[in-house]
Amino acid sequence: MKILVCISKTPDTTAKIAFADNNTKFVQEGVQWIINPYDEWYALVRAIELKEKDPSTIIHLITVGAADTEPIIRKALALGGDEAIRVNADSHDSFYIASQIAEIAKQGGYDLIFTGKETIDYNGSSIGGMVAELLDQPYVSLATKFELNGTTATINREIEGGEETCEVNVPVVVSCQKGMAEQRIPNMKGIMGARTKPLKVAEPVAVDALTSVASFELPPAKAGVKLVDAENVGELVRLLHEEAKVI
Amino acid sequence: MSVLIFIDSADGHVKKSSFEALTYGAQLAKQLGTAAEAVLLGTVADDVAALGKYGVTKIHHVANETLNHVDAQLYTKAIADVATASGATVIVLSHNLTGKAVAPRLSARLKAGLVAGAVGLPNTAGGFVVKKGVFSSKAFAHMNVNTAMKIISISPNSFQTVAGEGTAEVVAAQVTVDSPKVKITATNKVTGQVPLSEAELVVSGGRGLKGPENWGMVEELAGLIGAATACSRAVADAHWRPHHEHVGQTGGSIAPNLYLAIGISGAIQHLAGVNRSKVIVVINKDPEAPFFKAADYGIVGDAFDVVPKMIAEVKKLKGVA
Ligand SMILES: Cc1cc2nc3c(=O)[nH]c(=O)nc-3n(C[C@H](O)[C@H](O)[C@H](O)COP(=O)(O)OP(=O)(O)OC[C@H]3O[C@@H](n4cnc5c(N)ncnc54)[C@H](O)[C@@H]3O)c2cc1C
Ligand SMILES: Nc1ncnc2c1ncn2[C@@H]1O[C@H](COP(=O)(O)O)[C@@H](O)[C@H]1O
């Protein structure tokens, strides 16, 4: 079994979001970068678990990013995985990124491609589906559970108001969310080992970006909370009914 | 040139999020001076022609039962075929679970720029720019779509449904449907409850509720006002509530008209999933809880005192004993 795990770099969840240059650039000063939580906690850890069960499993990590993504991919290698590939390109267009991943995937002949549910900065939830289409493979989105039996995967995925279980033969692309695995902390052995794992750099293939950011905008600040006394709960219900008109 | 709206259905019924998509698509078509048409996959029990009240004139119906279950590959091919045959230049979907599975595939297949999670109509003065949430609802981006064919998936509950008069012409669409590669073996749905992603009102509980045994009052209050229930990650992690109720950065992202948070501190990762809610109400015994900064209404008090009183007041309001 050969697995490709897609890893992206995102600002830490508590990072201050601010923009400069007429709201066209995200301010990176002081921002701490992390592995996108869905990629780390669910996609990568589940792949590692599959390798623990079947040691012949090969795990490759891929990131599409400039040289400054290398600390992130090393961090991911410290958790597990055999080698990493960085496609040397800096883009936020989902189709551009997906095309680069699909290109590497074609060369590598992977049975499984795992992505996270979405990046917590651009929130596209798109790249897995695009990769699947580019490879003409099935796509199971928002998976909460993944089991492998030979070449057949049994996957639970979220549907509105519940879950469904499905079966599909590899190759398949899966986007991973909560439920797939539990977060792990890298240990010293992993961190030391990651230093010597191969990190290959590939040049991107030429692809046109389909979208681009024109500008950013911060939401308007809230007017401030209207506090109601705990002894006067009826007043809150009245306000919600008459003023906010929500109940 | 036309706008094609994908109508999503489940268990024989058109989803509420599709009414929003239809309204959005119809308004966009008007803005572009073109026709709004729709595509429906699979068979439904609902009156399809009646969906014309949201402003679509024609509905392409692929009444093939294989499509009663969402299959990203089959849906993509069917929608793309209808789009090509009908000369659509914009495709509109809901950014719900089906949309997340299908829209990206469509984008890659048609080489059409996708804006995933749009929150407003495009600005078409001189270009095609669509606003969407980024940084987990902490900001918005205005996205240029640079391709002739465009795809927009709209964030659920961020666009007001408008229903008028009118019926749509329903035409059978000729599309070949292969057999699905993904076989669905079981579905496990909570019945009789509004799915969280579609709920207009949400009552949510955090660790302040102390344990799963105390959720009775949360469910009672939610039931009284017709709300769905949600929870913080701490609560789902402790297995007090099912995973699908967890909202926030790593859980569901929702934008209901009312989000009532009980015993939730309001950590930034929690807010990321709920801060697009129209009205936020916080009940927390700590006046310093960060959630109050994001709230519209609040009570500083003990949930075990306030919530039962609230239930009694809502009962009074609704005239139930
Ligand atoms: C990368 C990352 C991602 C995360 N993603 C999410 C996410 O998606 N969703 C999420 O929710 N969290 C997420 N978290 C966790 C988040 O940071 C908080 O830890 C979590 O939201 C806390 O849950 P809570 O508010 O229920 O619990 P607590 O922080 O323990 O807060 C409980 C609150 O209840 C109040 N309280 C106590 N007793 C009472 C009472 N009797 N009556 C009224 N109020 C009472 C307290 O004053 C307190 O404010 C994430 C964290 C990280 C690091
Ligand atoms: N630059 C990138 N390099 C590699 N994988 C990525 C990149 N961006 C996103 N992904 C993967 O695609 C998933 C969905 O991203 P998105 O469609 O941007 O929400 C992420 O969780 C990652 O697994």
Kirkwood Rh over Cα pairs of segment B:196-318 into Stokes-Einstein at 10 °C, 1.306 mPa s: D in µm²/s? 114
By count of other Cβ within 10 Å, fewest leading, how are B:THR187, B:THR76, A:THR57 ordered? B:THR187, A:THR57, B:THR76
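Counting only other chains, and only Cβ atoms inside 10 Å, what mean value do you get across the residues of B:275-284? Display every interim value, and only then the final one.
Working: counts 2, 1, 1, 2, 7, 2, 9, 2, 4, 0.
Average neighbour count from other chains, rounded to a whole number: 3.
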Most mobile of A:VAL233, A:VAL64, A:VAL174 in a GNM of chain A (Cα contacts under 10 Å): A:VAL233
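How high is the relative contact order of chain B? Use alpha-carbon pairs under 8 Å, at least six apart in sequence, and give a whole percent. Could you put the intermediate results ahead of the total?
Numbers: 700 pairs, mean separation 45.7, N = 321.
Across chain B, relative contact order equals 14 percent.
Between B:GLU288 and B:THR57, what is 0.36 nm times their sequence separation minus the Cα-Cα distance? Round to one decimal in nm.
Net length gain for the segment: 77.8 nm.
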Pop a pseudo-label 7 angstrom from the Cα along the beta-carbon direction at both A:ALA202 and B:LYS111 and give the gap in nm to one decimal. 2.1
For chain A, averaging the sequence separation of alpha carbon pairs under 8 Å that lie six or more residues apart and dividing by its residue count, the contact order in percent is 24
For segment B:2-172, I need the span (max minus min coordinate) of the C-alpha atoms along each principal axis, in Å, sorted largest to smallest. 40, 34, 29
Segment A:144-161 - phi-based ³J(HN,Hα) in whole Hz, Karplus 6.51/-1.76/1.60, Gly and Pro as x: 10, 7, 9, 10, 10, 10, x, 10, 10, 9, 10, 10, 9, 9, 6, 10, 4, x
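Once Rh for segment B:98-190 is found with the Kirkwood sum over Cα pairs, what is the Stokes-Einstein diffusion coefficient at 20 °C and 1.002 mPa s, in µm²/s?
Details: Rh = 16.4 Å.
The diffusion coefficient I find is 131 µm²/s.
If each DSSP helix of 4+ residues adds -39,500 (n - 2.57) and the sum is divided by the residues in chain A, what number results at 222 nm, nearest 500 deg cm²/dmol? Mind dumping the intermediate values first?
Details: 6 runs with 56 residues, N = 247.
Value at 222 nm, helices only: -6500 deg cm²/dmol.
Looking at segment A:1-117, I'd like the Rg to Rh ratio, where Rg is from alpha-carbon atoms and Rh is Kirkwood's inverse mean 1/r.
Numbers: Rg = 15.0 Å, Rh = 14.9 Å.
Reported Rg/Rh (Cα atoms, Kirkwood Rh): 1.00.
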Cα point-scatterer Debye curve for chain A, base-10 log of I(q)/I(0) at q = 0.12 Å⁻¹: -0.74
Return the FRET efficiency for the residue pair B:GLU220, A:LYS222: r is the Cβ-Cβ distance, R0 is 30 Å, and the value is rounded to the nearest 0.05. 0.55
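Across the residues of B:296-306, average count of Cβ atoms on other protein chains within 10 Å?
Working: counts 10, 11, 5, 10, 5, 5, 1, 0, 0, 3, 5.
So the per-residue partner count for this stretch is 5.
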Rg and Dmax of the protein assembly as shown, Cα atoms, in Å? 23.4, 70
Given the options A:VAL168, A:VAL205, A:VAL237, state which has the largest fluctuation in a GNM of chain A using a 10 Å cut-off (strictly under) for Cα springs. A:VAL237
How big is the Rg/Rh ratio for segment A:159-233, C-alpha atoms only, Rh by Kirkwood, two decimals? 1.15
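What do you get for Rg/Rh of segment B:55-94 when both radii come from the Cα atoms and Rh is the Kirkwood radius?
On the way: Rg = 10.8 Å, Rh = 11.3 Å.
Taking Rh as the inverse mean 1/r over Cα pairs, Rg/Rh reads 0.96.
Calculate how many DSSP beta bridges within the protein assembly as shown are antiparallel, expressed in % of all such bridges and rounded to the nearest 5.
Details: 41 of 117 bridges.
For the protein assembly as shown, the DSSP antiparallel bridge percentage is about 35.
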Work out the FRET efficiency for B:THR161 and A:GLU83 from their Cβ-Cβ distance, taking R0 = 41 Å, and round it to the nearest 0.05. 0.25
So who's got an amide H within less than 5 Å of the one on B:LYS150, skipping anything under 5 residues away but keeping other chains? H placed 1.01 Å off N, in plane. B:VAL90, B:ILE91
Candidates A:PRO171, A:PRO220, A:PRO37, ranked by Gaussian network fluctuation over chain A, Cα under 10 Å, top entry: A:PRO220
For chain B, Kirkwood radius (reciprocal of mean inverse C-alpha pair distance, Å): 20.9
Give me the inter-chain shielding for B:172-185: mean count of other chain Cβ atoms within 10 Å, whole number please. 3
In this model, which of B:LYS16/B:LYS210; B:LYS15/B:LYS183; A:LYS178/B:LYS53 are farther than 30 Å apart at the alpha-carbon? B:LYS16/B:LYS210; A:LYS178/B:LYS53
Over the Cα atoms of segment A:89-172, compute the convex hull volume and normalise it per residue, giving Å³. 94
Starting from the Cα coordinates of segment B:1-80, work out the convex hull volume and express it per residue in Å³. 80
Using a basic spin-label model with each label point 7 Å from the Cα along Cα→Cβ, how many nm lie between A:THR14 and B:ASP302? 3.0
Could you give me the ³J(HN,Hα) list for segment B:286-300, computed from phi with Karplus coefficients 6.51, -1.76, 1.60 and θ = phi - 60°, whole Hz, x at Gly and Pro? 9, x, 8, 4, x, 4, 4, 5, 9, 9, 9, 10, x, 10, 8
For a bin width of 10 Å, list the pair-distance distribution of segment B:253-294 built from all Cα-Cα distances, rounded to whole %. 33, 59, 8
Would you mind giving the average projected area, over all directions, of the Cα convex hull of segment A:29-77 in nm² with one decimal? 3.9
Distance between Cα centroids, segment A:161-237 to segment B:264-313: provide it in whole Å. 24
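Laboratory data are not the source of any read-out in this text; all were calculated from the coordinates shown. From a predicted model like this one, the values you see are computed outputs, not experimental measurements. In this analysis, Cβ positions are derived from the backbone assuming ideal geometry, glycine residues included, and neighbour counts consider all displayed protein chains.
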